[in-house]
Amino acid sequence: MDASVTPLRHGGLSLVQTTDFFYPLVDDPYMMGKITCANVLSDLYAMGVTDCDNMLMLLGVSTKMSDKERDVVVPMMMRGFKDLAEEAGTSVTGGQTVLNPWLTIGGVATTVCQPNEFIMPDNAVVGDVLVLTKPLGTQVAVNAYQWLDQPERWNRIKLVVTEDDVRKAYQRAMFSMARLNRTAARLMHKFNAHGATDVTGFGLLGHAKNLASIQKNEVSFVIHNLPIIAKMAAISKACGNMFGLLQGQSAETSGGLLIALPREQAAAFCKDIEKTEGYQSWIIGIVEKGNRTARIIDKPRVIEVPAKDREGELW
């Protein structure tokens with residue numbers, strides 16, 4: 001699913017590895033490095049792996065940059081990546097840098113685990129609930145922010161949002177994407193999670209379908225609630241469904257974990273993560289008997305995140 005698990009020839013250990021890279025999507029190089037690192041590690045966290053032994057960094061340095069641009073931007077991206085790796089309790093010990101027409105950044109995360117240190121993603125049972133640990137809407141927020149400079153695009157959405165709304169949503173998206181899913185991974189063990197995946201490029205529904213398709217039991221996932229960064233649902237509607245946000249099709253970057261948890265444990269999981277990190281998680285759906293598919297109900301409840309805007313505060 002999210003990471004490759006290789007049984008090693010050394011008694012009872014498995015090598016868990018993942019890799020990822022992408023192109024810049026925010027205008028702050030330092031935050032871009034952090035987001036990339038969080039996104040790479042997320043695939044380990046989705047397996048319930050909380051400790052990463054080593055990271056490598058992959059860099060494509062753009063040949064279209066001036067020397068000055070390169071000398072400012074690339075070290076900032078590298079520092080963001082390295083700083084978040086350290087926050088995750090790991091370090092970057094190598095990698096590869098190439099010259100490339102496009103600026104790219106990515107990495108590899110590796111860890112050696114005993115069997116009890118990772119949670120296979122295929123044990124959901126009827127009666128479980130689905131929990132999501134970060135709000136949706138990062139793609140919409142990043143695009144809307146870029147449209148501030150594109151009058152023909154901005155004119156489509158300015159009736160439903162202010163410039164200030166868009167800038168704030170962009171900040172929220174940026175900090176959400178740069179946040180580690182490590183606490184969620186740790187609490188998956190504490191609250192007996194039956195499997196998880198992280199929500200990234202295929203959108204919420206795409207990843208829910210992937211997770212449902214590999215289940216051992218005959219189950220299906222039904223999603224009722226969509227926690228979305230404030231005002232992003234309105235933008236998505238104003239764009240005539242260009243993003244498919246309310247249908248769960250909008251791509252996310254470094255999104256939350258989608259976790260199947262026993263019903264009686266889920267509320268405690270959400271409470272615990274909020275106590276530890278100060279961020280909300282949401283019960284968004286249920287696991288019922290079915291043929292390993294996932295769907296979003298016709299009129300899902302949109303939960304604006306945060307529920308009310310407080311001056312000077314992001315969340």
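Any read-out appearing in this document is the output of simple, stated calculations on the displayed coordinates, not a laboratory observation. Since this is a predicted model, take the numbers as computed values, not measurements. Cβ atoms come from the backbone with ideal geometry, glycine included; neighbour counts cover every protein chain shown.
What ³J(HN,Hα) values, in whole Hz, does the Karplus curve 6.51 cos²θ - 1.76 cosθ + 1.60 give for the stretch 49-56 when θ = phi - 60°, with x put for Gly and Pro?
My calculation for the stretch 49-56 gives 7, 9, 10, 9, 7, 7, 10, 10 Hz in order.
Take the chain, connect every pair of alpha-carbon atoms lying under 10 Å apart with a spring to form a Gaussian network, then pick out the residue of Leu41, Leu245, Leu99 with the largest mean-square fluctuation.
Sorting by GNM fluctuation, first place goes to Leu99.
State the extension gain, in nm to one decimal, for the chain segment bounded by Val72 and Asn291, taking 0.36 nm per residue of separation less the distance between their alpha-carbons.
Working: separation 219, 0.36 × 219 = 78.84 nm, distance 5.21 nm.
Extending this stretch completely gives an extra 73.6 nm.
Could you give the length gained by full extension between Glu86 and Thr162, i.e. 0.36 nm per residue of separation minus their alpha carbon distance, to one decimal place? Don't jump to the answer; show the numbers that get you there.
Working: separation 76, 0.36 × 76 = 27.36 nm, distance 3.70 nm.
Using 0.36 nm per residue and subtracting the Cα-Cα distance, I get 23.7 nm.
For the chain, list log₁₀ I(q)/I(0) at each q in 0.13, 0.15 Å⁻¹, using the Debye formula over Cα point scatterers of equal strength and ignoring solvent, two decimals each.
The computed values of log10 I(q)/I(0) come out as -0.95, -1.23.
Sort 29-37, 154-162, 281-289 for me by packing, meaning the mean count of neighbouring Cβ atoms within 10 Å per residue, highest on top. Before the final figure, lay out the partial values.
On the way: 29-37: 25.9, 154-162: 14.4, 281-289: 20.1.
The packing order, highest mean first, is 29-37, 281-289, 154-162.
If I model a spin label at Gln247 and Asn116 as a point 7 Å from the Cα along the Cα→Cβ vector, what separation in nanometres do I get?
Distance between label points: 4.6 nm.
Amide H of Asp53 versus every other amide H placed in the peptide plane: which residues, excluding those fewer than 5 positions away on the same chain, fall under 5 Å?
Thr110, Thr111, Val112
Taking 0.36 nm per residue of sequence separation and subtracting the Cα-Cα distance, how much length would be gained by fully extending the chain between Asp28 and Glu274, in nm to one decimal? Can you show the working numbers first?
On the way: separation 246, 0.36 × 246 = 88.56 nm, distance 2.73 nm.
Roughly 85.8 nm would be gained on extension.
Whole Å is fine, so just give me how far the alpha carbon centre of the stretch 248-292 lies from that of the stretch 192-236.
9 Å
Arrange the peptides 256-262, 2-8, 192-198, 170-176 so that the one whose residues have, on average, the most other Cβ atoms within 10 Å appears first. Write out the running numbers ahead of the final one.
Values: 256-262: 26.3, 2-8: 15.1, 192-198: 24.6, 170-176: 21.9.
Per-residue Cβ counts within 10 Å, averaged per peptide and sorted highest first, yield 256-262, 192-198, 170-176, 2-8.
Say R0 is 25 Å: what FRET efficiency, to the nearest 0.05, do Met65 and Asp149 get from their beta-carbon distance?
Efficiency, from the Cβ-Cβ distance: 0.80.
Amide H of Asp20 versus every other amide H placed in the peptide plane: which residues, excluding those fewer than 5 positions away on the same chain, fall under 5 Å?
So Asp20 has HN proximity to Gly107.
What are the chymotrypsin sites (Phe, Trp or Tyr not before Pro) within the stretch 77-134 that DSSP puts in a loop, where the Cβ has at most 12 other Cβ atoms within 10 Å? Intermediate results must be reported in sequence, preceding the final value.
Numbers: sites: Phe81, Trp102, Phe118; in loops: Trp102, Phe118.
Counting only loop positions with at most 12 other Cβ atoms within 10 Å, the chymotrypsin sites (Phe, Trp or Tyr not before Pro) in the stretch 77-134 are Trp102.
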